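The values are calculated or read from the model by the stated rules, or taken from the named source; none is laboratory data. Please read these numbers as outputs of a predicted model, since none were measured by experiment. Virtual Cβ from ideal backbone geometry, glycine too; neighbours counted across all protein chains shown. For the accessible areas, the whole protein counts, side chains as well, though only heavy atoms, and no ligand, DNA or RNA atoms are used. Shrake-Rupley method; radii C 1.70, N 1.55, O 1.52, S 1.80 Å.
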Amino acid sequence: MSKRLFIPGPIDVSQDILDCMSTQVIGHRGKEASQLQQDISEKLQKLFYTNSTILLSTSSGTGLMEGAIRSCTSKRAAVFSCGSFGNRWYKIGISNMIPVDLFEVDLGRAISPEMVDKVLSTGKYDLITVTHNETSTGIRNPIEAIGEVVKKYNDIIYCVDAVSSAGGIKIEVDKLGIDICITSVQKALGLPPGMAICTFSNKAVQRAKKVPYRGTYFDLLAMYEYIVSKNYQYPSTPSLSHMFALNFQLNQILKEGLENRFARHEDMARIVRNWAREHFQIFTDENYLSNTLTVIKNTKGISVSNLNKELQKYGYEIANGYGGLKEKTFRISHMGDYTVDDVKSLLKNINEILGFKTDLSLL
Ligand SMILES: *Cc1c(COP(=O)(O)O)cnc(C)c1O
């Protein structure tokens, strides 16, 4: 039975998009493929509020995280982490023999601009990574204020993991001075998993030119050069099926209107948070709450896995806590094409299972 997935990716994919995925393939070196990639790129530039080049990757988002830190660290990278996905950058750096240091804050807390300033003032670093929306703790880091700090330093490549936020939360890449902003298609963009996207600034291009060993598959400079010199092509064979679907979905997103889409995410988040405050507690620092998922502290000591088993009988699924936060927290995502009514249906089912009485119309 198919379920409604309220886990932080992948999420339900609409039938229209699934139909696009089954479009007959085309040659990836032809004009039609170039046109498709160009169309997608121009729409993504709107979504990211940027003039930077858009790179597509046939991989999930982690591939482009590896590509970013490997292609653009020339001196030393500083990884700022507030959870599991932040730590992933560090692991990627170490396993690629990139000089890298990890700066962590407690789970449920955000990275502060002051912390970034202090680290950058040492002059040791030329690339930083920040997770916009930490999916393990529900933190939305202040990438705007961090961007202001980064602007004080000349030589820093500012990388942002926006995997679980892009398409659901506004990210003005150029205004914030982000050089590489990464996302995956299976989260707030609502596509099947298998493609990743990043923005790639001129500053990042110049940096990558100075890095001799960038690998092959995730060499961001190679991806960039294929776009520039071969008119929007991809170094190997891209997932054309995803590209058809992405082009279609971006039309839908722009038709909805970016501001409307972001507001819808905020509405869904408000409802889930109010419900969570009534029956449990929010795990995350209230000043930095994500609009695409809510991480709830399991103050009632319920069995999250049992709840999920019961919920699946209704055709719904939520997520347990991530890593060490399993059973201590649980996570409800509210991203992609879901509506306020979808979220209320989910909460109504949870209420029934747990015997809660909430007037959902008041949330
Ligand atoms: C899901 C997620 C990732 C990993 O993305 P993949 O597409 O699975 O590689 C990285 N960072 C964050 C914040 C995520 O939510």
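Phi angles across segment 71-79 convert, under the Karplus curve 6.51 cos²θ - 1.76 cosθ + 1.60 with θ = phi - 60°, into 3J(HN,Hα) values of 6, 10, 8, 10, 9, 7, 9, 10, 9 Hz, Gly and Pro given as x.
Restricted to Cα atoms, segment 15-255 shows a radius of gyration and a Dmax of 17.1, 54 angstrom.
Computed 3J(HN,Hα) for segment 270-276, one whole-Hz value per residue from the Karplus formula 6.51 cos²θ - 1.76 cosθ + 1.60 where θ = phi - 60°, is 4, 5, 5, 4, 5, 4, 5, glycine and proline marked x. Highest mean packing first, where packing is the average number of other Cβ atoms within 10 Å per residue, the peptides 176-188, 262-274 line up as 176-188, 262-274. Heavy-atom accessible surface of segment 135-178, averaged per residue, reaches 30 Å², computed with a 1.4 Å probe. For the residue pairs K170/K313; K300/K357; K300/K326; K118/K328; K151/K209; K46/K344, the C-alpha atoms sit more than 26 angstrom apart in K170/K313; K118/K328; K46/K344. For the set I302, I69, the ranking by accessible area, highest first and with no ligand, DNA or RNA atoms included, is I302, I69 under a 1.4 Å probe.
As a calculated quantity, the FRET efficiency between R76 and T216 at R0 = 30 Å, using C-beta atoms, amounts to about 0.80. The angle between the Cα long axis of helix 340-354 and the longest principal axis of the Cα atoms of the chain comes to about 50 degrees, rounded to the nearest 10.
Taking the average, over residues, of other Cβ atoms within 10 Å as the packing measure, peptides 251-261, 102-112 rank 102-112, 251-261 from highest down. Roughly to the nearest percent, how much of the accessible area of segment 15-255 is carbon and sulfur, given a 1.4 Å probe? Roughly 50 percent, rounded to a whole number. Using a probe of 1.4 angstrom and keeping all protein chains present, the accessible surface of segment 182-224 works out to 35 square angstrom per residue.
With a 1.4 Å probe rolled over the protein heavy atoms of all chains, the accessible area of E278, E32, E310 falls in the order E32, E278, E310, largest first. Of the peptides 210-219, 116-125, 317-326, the order by per-residue mean of other Cβ atoms within 10 Å, starting with the highest, comes out as 317-326, 116-125, 210-219.
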